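Input: a single structure, listed below in structure tokens.
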Amino acid sequence: MKSARPLGWCCIAILCAAVGAAAQAPARPPASPQALAGAYPFPQGDPSGGRGFGRGAPAPRNMKTLLVWADTRNGIAQHDSVSHAAAVIERMGYETGAYYTFIRTDSNIISYHPKMTTGQPASGGPSLANVDAIFFLGHRDVPIDAAQKAELLHFVHDDGKGFVAAHMASTAWMDWPAFGDLLGGRFDQHPWGITTAPVIVEDPGFPGMQFFPRVFSFHDEFYQIKDFSPQNSRVLMRLDTAGLDMSRPGVQKADAPYAITWAKMYGKGRVFYSALGHDASTWDNPAIQRMWFNAIEWALGVIPADVTPRPVSTTVPPPPPAYGRGGRGRRGGRGLGR
Amino acid sequence: MTRRQWMKMLGQGAAAGMALPLAAQLPPPGQQQRAAAPGSRHPAQMGGMATPRRPGRKNVLAWGDVRNGFQHDSVSHAFSVIEELGYVSQLYDTYIRTDSQLITKHGLYGSDGQVVYGHDLNDFDAIFFFGVREIDLTAEQRADLLAFVHDDGKGFVAVHTATTAFMSWPEFGDLLGARFVNHPWNTVEAPVVVEDRSFPATRFLPPVFNFRDEMYQNKGINRDEVDVLLRLDVSHLDTRQANIELHNGDFPLAWSKSYGKGKVFYCALGHHRTVWDIPDVQRIYFEALRWALGLTPGEIRPHPMRPAAAAPVPLAPPLAPCGPAWALASRRR
């Protein structure tokens, strides 16, 4: 994992003068006797007017609530990017006012009637009863019981809530077929490891996809997805196999069209998955951030999208001038800007 | 200035070691590099996912086990702010967890007992604790947590509800330095006296400032051992309420102390989400973390209660939102 920050020491040194000046700059008003009363207005922007929402009271009516659920307690190891991804998702909602976020790495809240660790009913906090969508960053065998599984399916299928899932989410619950139906595909290893590969945008009309070139090169750990059918899901992005070594061990020809991003309905609920997001710096990419932000807005029911399944294109759009690493056109390629 | 610009400034100041006025100097980059902690797992064991630690960076565990249901709305936003400060400054990597799996030095195990590779307490340099009430820990986990601070000399930065945690566990009270007994005025605006203006986390604050938050009554402070940094000035608040248990007017809001070889910092500010957008509050916790991580020196100087030295002034308000232009264009407020 490497830093995405291009600033060098000389640049920092130049900034020092400005920083020093700015940090001293916020002039504090002179102390006055009446400073006691009302001198510090509660910050604007809190819809509760500073009262707070208490412990787990629902957000105001015009605010959606998103649960970032990143239970990584089981499986090989937590991806280092999980916390950064959760924080990026939180901040996008907070800064825009589009949604409020609860970040949880446990699964107690995956219930309509969540319980404390003692078994008593929880006194507040997020639950399936009060969040509008889940952003799922869990992996492997997330520890929830059969009742919770049924409630999770109900949350999406019958309540029509949103389920947005990233990267390692497709490794979750390999032994639970209904979750495969919900998500639309399963992890089938990453035969190419972390590499740079061309990605084809199949549906530029889906919210968020318009910010990508029709074909772009990207550096990430690309998942091979199995148990995926374009008849059930709208393919938004797929790997261009022409730019990948298809002779590597583990590459499964049956996994064509190698979809890595898709959207679908599960009952009444909206489901979005993208395999992009292995490295923390991936989550700093503006195009990737917009993809997630718009996917969340769609999943929350704020913006519409057509997710009718359709066949995958047979022609590949003209390739970019050069495949480069995601940086800002260092080699003139049409990679994604940072 | 936007919030993100401010964070970048904080971060660059920290990285440069000189930009922020009054901030203590960092050790030169070479001295920050050190070998992996004794318990660090080999990368091969990580399945290529969790890198053991990045050179020159500390690991911070943002631990807020709220499985007991008393989740404050601000916890997730606080974690997000702390994560961004470390990410932008490149001083530390943050691991956000609302469960307590990582509170161990005896290996990680999944729910069905299988070995899970990843970071445990041996890999962390400090804990940023936003837990609440009784948290489900085994006796071994409790001993490991105490040893993490007391024997390993790691940092423990605790926030707001931390004084409500583990009421039934006396040693945790020794570690933290005080216990919560109610918030008699709930959310109220009152002056806060900065009692120690030499400590890194409070040296940039005005002598007295007005603040609006849910003000805690924290009991059991031993001023012979604890350096009280912030104190609530209750002279204009009703102190005759039934739930007032501190009758000497001494209501500490923030303090630093040692616990064995470890560094402990507590601050009660942070009940509301928006409190975490106030630049000075972000800096309190950022500087506290740097101190707890051993990146800046800071002396613990216990002292008797100090009176307000000046009339209160307001702090600078929260900064403008910092989302990208495309996102801010769709703001709903």
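Coordinate-derived values only; no laboratory data. Keep in mind that what you see is a predicted model, and the values were worked out from it rather than measured. Please note: Cβ atoms are built from the backbone with ideal geometry, for glycine as well, and neighbour counts cover all protein chains shown.
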Share of alpha-carbon pairs per 5 Å distance bin for segment A:228-268, given as whole %: 6, 21, 28, 19, 13, 8, 3, 2, 0
Whether segment A:204-249 is rounded, prolate or oblate, judged on the alpha carbon gyration tensor where a/c under 1.5 counts as rounded: oblate
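Which of rounded, prolate or oblate describes segment A:182-259 when judged by the alpha-carbon gyration tensor and an a/c cut-off of 1.5? Let's see the in-between values first.
Working: a/c = 2.03, a/b = 1.19, b/c = 1.71.
Oblate shape, in that a/c is at least 1.5 and b/c is the bigger or equal ratio.
Grab the beta carbon distance between A:M246 and B:Q5, set R0 = 41 Å, and tell me the FRET efficiency rounded to 0.05.
On the way: r = 46 Å, r/R0 = 1.11.
That pair, A:M246 with B:Q5, gives E of 0.35.
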Global size of segment B:84-241 as Cα Rg and Dmax, reported in angstrom: 18.0, 57
Among A:G119, A:V68, A:G93 the positive-end extreme of the charge dipole of segment A:58-122 (Cβ point charges): A:G119
Note, ³J(HN,Hα) from phi for segment A:164-178, Karplus 6.51, -1.76, 1.60, rounded to Hz, x at Gly and Pro: 10, 10, 10, 6, 5, 4, 6, 8, 7, 6, 4, 9, 10, x, 4
Cα centroid of segment B:128-153 to Cα centroid of segment B:236-302, whole Å: 19
Residues with amide H under 5 Å from that of A:R310, placed H, sequence gap 5 or more: A:V235
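Listed here are the pairs A:K149/A:K253; A:K115/B:K105; B:K58/B:K257; A:K64/B:K219; A:K64/A:K149; which of them are more than 30 Å apart at the Cα?
Working: A:K149/A:K253 32 Å; A:K115/B:K105 28 Å; B:K58/B:K257 21 Å; A:K64/B:K219 38 Å; A:K64/A:K149 23 Å.
Among A:K149/A:K253; A:K115/B:K105; B:K58/B:K257; A:K64/B:K219; A:K64/A:K149, the Cα-Cα distance tops 30 Å for A:K149/A:K253; A:K64/B:K219.
Enter the mean projected area of the convex hull around the alpha-carbon atoms of segment B:184-268, in nm², rounded to one decimal.
Values: hull surface 23.0 nm².
That works out to 5.8 nm², a quarter of the Cα hull's surface.
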Spatial separation of Cα centroids for segment A:122-186 and segment A:237-301, in angstrom: 18
Stokes-Einstein translational diffusion, segment B:204-333 - Kirkwood Rh over all Cα pairs, 1.306 mPa s, 10 °C, in µm²/s: 94
Charge dipole (segment B:139-293, unit charges on Cβ, about Cα centre) - positive-most of B:L145, B:Q282, B:S235: B:Q282
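What average number of partner chain Cβ atoms lie no more than 10 Å from the Cβ of the residues making up B:178-189? Mind dumping the intermediate values first?
Working: counts 0, 0, 0, 0, 0, 0, 0, 0, 2, 4, 0, 8.
If you average over the peptide's residues, the count of other-chain Cβ atoms is 1.
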Cα shape, segment A:105-254, gyration tensor, a/c 1.5 rule: prolate
J(HN,Hα) series, segment B:172-188, from Karplus relation 6.51 cos²θ - 1.76 cosθ + 1.60, nearest Hz, glycine and proline x: 5, x, 4, 4, 7, x, 6, 10, 6, 10, 6, 10, x, 10, 6, 7, 8
